[in-house]
Amino acid sequence: MSKAFNKVHLIRQVDLFTLKLFLSVVEEGQVGRAAARENIAASAATKRIQDLEEIVGMPLFERNPRGVIPTAAGLVLARHLTQVFGIFEDIRSDISEFTEGVRGLVRVASTGGIIFQYLSREIGEFARSFPQVDIDLREGANPEVVRTVLQGEVDVGVFAAAPGLTDELPNVLEYRTDRLVAVVPIGHPLARQSGVKIVELLAHNYIAIAPFTSLMAQVRHAAGSAGIPFKPKYSVNSVYAAASLVRVNQGVTIQPDHMLTPQDLKFVQTVPLDEPWAARRLFVATPAGRSVSVATRNFIAQLVERPV
């Protein structure tokens, strides 16, 4: 039977039902069971598989008394057809969203600070515009957010730029920019300055946040470049805990601007951080090699086209 493969014949002469039947035979291991699964007579199913083998130009199954097993060529064809039918399912899902109203699930990962500053409001507005779409929100540090995007565990990741962090992400859009500031108690000597360097902050009781964050990587690098030992007074897991320690005059810290509450500002004040990395760029990323649902596209548009 072996002859040169003719892709034109495959496209013109084979219908999608036959290809779906072929996948069912691979999965069931018997033509009869596959035929019952696809609601077709066993004899008709056998004829379709034989015709497919004739068009492909080589055997796709090895027959034995217990049923059939795919040949090497059959396994290759099955692998590609699984991907093709996956794409058809994505098309069906996307088209149904247009006819039935946008619905579905959008899985989002971001840092606690970005959620607090921006995403919570964005999600609230999106939910009002698209009430049939559910948001599954996951919080993590910048590297964890990027990892979940790379591994396809989420549909959208929102994170702050850091050296090397976006190198492996092919689908990245700019979200917005903000600034890091020093947070000091009211009346602190640094509070009177128009700007402050990291080395000046480290001369006081510095309150560090989780060591795996991009912010702390920048602080440690700056301390190392200045030849200053990095020995924080306290180490906590969030900017909120750090700010609470500043409120009771236990030290100074760094965090994104506009994160302090009115209650915080009765006890602390911010001072511009005079460092080149104080200006932060925030990004939105999506996994590679995956079609983006209508719901996800609308959520991304909410972030990058009309931020609140």
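Here is how the numbers come out for the structure above:
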quantity: Residues of type aspartates and glutamates that Lys20 reaches as a straight line, Cα spacing below 18 Å, ignoring anything fewer than 8 places off in the same chain; calculated: Glu28, Glu38, Asp51, Glu53, Glu54, Glu89, Asp90
quantity: Unit charges on C-beta of K, R, D, E only; dipole of the chain, Debye; calculated: 340
quantity: Taking Ser293, Ser235 and counting other C-beta atoms within 10 Å, the order from fewest to most; calculated: Ser235, Ser293
quantity: Kirkwood Rh in Å, taken over all unlike Cα pairs in segment 154-253; calculated: 15.2
quantity: Positive-end residue, segment 108-308 charge dipole about Cα centroid, Cβ charges, pick of Leu201, Ala223, Leu282; calculated: Leu201
quantity: Relative exposure of Leu19, Leu180, judged by other C-beta atoms within 10 Å (fewest first); calculated: Leu19, Leu180
quantity: Proximal charge balance of Val181 [Cβ under 14 Å; K/R count +1, D/E count -1]; calculated: -3
quantity: Rg over Rh, two decimals, segment 78-229 (C-alpha only, Kirkwood Rh); calculated: 1.11
quantity: Full-extension gain in nm, Asp15 to Tyr234, via 0.36 nm per residue minus C-alpha separation; calculated: 72.1 nm
quantity: Residues His188, His221, His80, sorted so that the one with the fewest Cβ neighbours within 10 Å comes first; calculated: His80, His221, His188
quantity: Entry for mean projected area of the Cα convex hull in nm² (calculated from the structure that is shown) out of [x] 22.9; [y] 17.1; [z] 20.7; calculated: [x]
quantity: Hz values of 3J(HN,Hα) by residue in segment 124-135 - Karplus curve (6.51, -1.76, 1.60), Gly and Pro given as x; calculated: x, 5, 4, 5, 6, 7, 10, x, 8, 9, 8, 10
quantity: Separation of the Asn205 and Glu54 label points, Cα + 7 Å toward Cβ, nm; calculated: 8.7
quantity: Simple Cβ-charge dipole of segment 7-99, Lys/Arg +1 and Asp/Glu -1, about Cα centre, in debye nearest 20; calculated: 320
quantity: Inverse of mean 1/r across different Cα pairs in segment 130-188, Kirkwood, Å; calculated: 14.1
quantity: Folded to 0 to 90 degrees: helix 294-304 orientation relative to the chain principal axis, Cα; calculated: 20
quantity: Estimated inter-spin distance, Arg147 and Glu27, nm [label 7 Å along Cα→Cβ]; calculated: 3.3
quantity: Calculated SAXS-style log₁₀ I(q)/I(0) at q = 0.14, 0.16, 0.20 Å⁻¹ - segment 7-99, Debye, Cα scatterers; calculated: -0.52, -0.66, -0.97
quantity: Value at 222 nm in deg cm²/dmol, rounded to 500, when DSSP H runs of n ≥ 4 in the chain each add -39,500 (n - 2.57); calculated: -12500 deg cm²/dmol
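Where a number appears in this text, it was derived from the coordinates with a stated rule and is not lab data. Since the structure is predicted, the reported quantities are computational estimates derived from the model, not experimental observations. Using ideal geometry, Cβ is built from the backbone for each residue, glycine included, and neighbour counts are taken over all protein chains shown.
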